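Q: Pasting a structure here, questions to come.
The values are calculated or read from the model by the stated rules, or taken from the named source; none is laboratory data. On a predicted model such as this, the values are computed, not experimentally measured, just so you know. Here Cβ is always computed from backbone atoms with ideal geometry, including for glycine, and neighbour counts include all displayed protein chains. We work out accessible area using only protein heavy atoms, side chains counted, and drop any ligands, DNA or RNA first. Shrake-Rupley method; radii C 1.70, N 1.55, O 1.52, S 1.80 Å.
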Amino acid sequence: MSYKIGLVGKPSVGKSTFFNAATMGDVPEGAYPFTTIDPSLGEAYVRVDCAAPDFDEQCEPNTGYCRNDKRFVPVKLVDVAGLIPGAHEGKGLGNQFLTDLNEADVLVHVVDFSGETDMEGEPTEGHDPRDDIDFLEEELDQWYLGILEKGIERFETRHMAETELEVELAEQMSAFGTNKDEIKQVILSLGLELDPETWDDADELELAREIRKRTKPMVVAANKMDTPEARENYEEITNDPDYDHLTIVPCSAHAEKALKTAEENDVVEYTPGAGDFDITGDISDEQSAGLEQIRDFIGEFDGSGVQRALEAALFEELDAVAVFPGSASGNWTNGPFPDCFVLPADSTAEDFAYHLHSDIGEGFLHAIDCRTDRQIGADTELETGDVVEVVSTNQ
């Protein structure tokens, strides 16, 4: 589990319900501020087409599980403490929120699209979800800006000829996983000079925002989409060009949690993320009516949206790839297709070897694409669904 997805949002929008639905954990749920005081770390899953059927095999996963030819690969999901406006100034649980948030590779922002919670997480009516989307982005932008300004100040207090601007800023912002080359590229892409004395306040904010977008990509989970108000808001917001930069996934965390609970109780057969389910147990008329409402929703949106949001975060925002270690000979030591690993975008066959074990990487000779039985070199970039056998002197 090399990736960590951060689950964020203001209080009372259903964030803890989303976390529980994704992990089937027991984080307290409640419609009041700061239900989640400490970050909760759980194991969620992302779906990948299982490679085993393509080789006439039945997989035997070491981690995660396989159902209906879908491999559920574990990822880390952290439910971060509730956010309120002013977090970058330390209000509420702001400082801890930002510290915990920075450990995440990508964010899923849970937003109440029904408009039934205000900016403080209190019950209301007619609230515009755009305000919630904006406030989180603005909080993060101000957080980044504060750190960026410290880097600019350090650069300007030194003799500027002694260091390059991008080096100083990258060092100051290293916690965000950026580097001097990326910083320089962002500065130049915005048409700015490599001299902060030529920048105004708007330039600095724009730079902070662009660095934030690149280092903390975000998916919006449009929660409570099983209400008419949420659907109206979703239609408006997804047609608003100001939000074209965001991936917005229609979602009902409540529906996903209800289906998984029903399956645990042998009431339904349900594959997480699927657009339908089968009722298998004896239930009351009231329960049947509730399940049919959920069926209508997930049928319309091809799932509850919980799985889709996690997968969009990993495979669309981060461009991560899921790769299966293979056996060109078909001789498996621990059963067929025991593992599936999620790797960064542009990972090569050699990167995969190092991911398996540093010794295997150091002894890398070549790899074999098990689908074509062709030998591939160290710099061959891998794609989701690839099945690769690594040949190394250290095996």
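Q: Which members of the range 235-253 meet the condition of being in a helix (DSSP H, G or I) and surrounded by 21 or more Cβ atoms within 10 Å (Cβ to Cβ)?
A: Result: ALA253, single match.
Q: It is to be established whether one or more residues within the range 136-150 are more than 20 Å from LEU207 (Cα to Cα) and not small (Gly, Ala, Ser).
A: Looking for residues that are more than 20 Å from LEU207 (Cα to Cα) and not small (Gly, Ala, Ser), one finds none in the range 136-150, hence no.
Q: Among the residues of the range 122-148 satisfying the criterion of being β-branched (Val, Ile, Thr) and either closer than 16 Å to LYS216 by Cβ or open to solvent by less than 50 Å² (accessible area, probe 1.4 Å) (or both), which is nearest to the chain's Cα centre (by Cα)?
A: Per the criteria, the residue is ILE133.
Q: Now a separate question. Just checking: which of the strands (runs of 3 or more DSSP E) contained wholly in the range 304-395 hold 1 or more residues that are closer than 30 Å to LYS15 by Cα and open to solvent by 50 Å² or more (accessible area, probe 1.4 Å)?
A: Hits in the range 304-395: 341-343.
Q: Condition check: modelled with pLDDT of 80 or more, under 30 Å from THR384 (Cβ atoms) and crowded, with 18+ Cβ neighbours inside 10 Å. Does ASP100 satisfy that?
A: For ASP100, the condition - modelled with pLDDT of 80 or more, under 30 Å from THR384 (Cβ atoms) and crowded, with 18+ Cβ neighbours inside 10 Å - is not met.
Q: All but one of (1) of a type in the set (Phe, Trp, Tyr); (2) modelled with pLDDT of 90 or more; (3) open to solvent by 10 Å² or more (accessible area, probe 1.4 Å) hold for PHE18; which doesn't?
A: Checking PHE18 against (1) of a type in the set (Phe, Trp, Tyr); (2) modelled with pLDDT of 90 or more; (3) open to solvent by 10 Å² or more (accessible area, probe 1.4 Å), the one that fails is (3).
Q: Tell me, please, whether a residue that is crowded, with 16+ Cβ neighbours inside 10 Å and β-branched (Val, Ile, Thr) can be found in the range 162-175.
A: Looking through the range 162-175, none of the residues is crowded, with 16+ Cβ neighbours inside 10 Å and β-branched (Val, Ile, Thr).
Q: Could you say which residue among ASP244, ASP296 is out of contact with any Asp or Glu (no Cβ under 7 Å at 6 or more places or on another chain) and farther than 15 Å from MET225 by Cα?
A: Matching residue, one of ASP244, ASP296: ASP244.
Q: Where residues in the range 21-36 are of a type in the set (Val, Ile, Thr) and in contact with a helix residue (DSSP H, G or I) (Cβ under 9 Å, 6 or more places away or on another chain), which of them is modelled with the lowest pLDDT?
A: THR35
Q: For the range 369-395, what are the residues that are in contact with a Phe, Trp or Tyr (Cβ under 9 Å, 6 or more places away or on another chain) and not polar (S, T, N, Q)? Show your work before the answer.
A: Quick first cut of the range 369-395, residues in contact with a Phe, Trp or Tyr (Cβ under 9 Å, 6 or more places away or on another chain) only: 370-371, 378, 382, 384-388, 390-394.
Once the filter is applied, which keeps residues that are in contact with a Phe, Trp or Tyr (Cβ under 9 Å, 6 or more places away or on another chain) and not polar (S, T, N, Q), the range 369-395 yields CYS370, ARG371, ALA378, LEU382, GLY385, ASP386, VAL387, VAL388, VAL390, VAL391.
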